Amino acid sequence: MAKAKDIDVTPDETYGRAAARVVRVRAQELFDHAENVLDTSDIERVHDMRVASRRLRAVLEIFAPCFPRAPFESVLSDVKALADALGERRDPDVHIDAMAAFAEKVTATQRPGVQRLLEYQRERQTRGNEILATELERVERRDLHARLMALADAAEEALQ
């Protein structure tokens, strides 16, 4: 799993300035994990992006008072939708790994049932990937990255 970048916040730093810096870093981490996230042969990519989405959501909620309400609510909604789509893809990945390990330990008579469960999870993974692909297109179309940067800018501008 990708480690979150350490962000030093000092006691003399304003809440708004800290909000701007932390949101910029966590947003960049999210988008840094987007490359090849639909590749089902490397399930850690989607895991890392999902974790990054949860970190970003948490900091948005912590710093909510620093942002203009309407743009904030829209951005937060989009981050939540992306996290949900990542979950739709990630959950079957976890089940496939567990079932594959389990399949190695079952008897020959149990294997057909386990294989059917694996097939079902692979179908869920495919559907999850379709959901995620659609959401990634939506994120790009709605320019979530730029909107996150605009929130950070607004938090800093409110200080001036």
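A few comments on the model shown:
- Residue pairs meeting the criteria (Cβ under 6 Å; at least 6 apart or on separate chains; first farther than 19 Å from VAL22 by Cβ, in segment 32-57; second assigned to a loop (DSSP other than H, G, I, E, B)): ARG45/ASN36; ARG45/VAL37; VAL46/VAL37
- Matching residues, segment 123-144, being among the aliphatic types (A, V, I, L, M) and touching an Asp or Glu at 6+ places or on another chain (Cβ under 8 Å): ILE131, LEU132, VAL139, LEU144
- Scope segment 127-160; condition open to solvent by less than 90 Å² (accessible area, probe 1.4 Å) and free of Cβ contacts under 8 Å to residues at least 24 places away in the same chain; matching residues: ASP143, ALA146
- Against the numbered list (1) among the hydroxyl-bearing types (Ser, Thr, Tyr); (2) within 26 Å of ARG21 (Cα to Cα); (3) more than 21 Å from the chain's Cα centre (by Cα), THR109 comes up short only at (2).
The values are calculated or read from the model by the stated rules, or taken from the named source; none is laboratory data. Model, not experiment: these values are computed from the prediction. Every residue, glycine among them, receives a Cβ derived from its backbone with ideal geometry; neighbour counts consider all protein chains shown. Heads up: the accessible areas ignore ligands, DNA and RNA and are worked out on the full protein's heavy atoms, side chains in. Shrake-Rupley method; radii C 1.70, N 1.55, O 1.52, S 1.80 Å.
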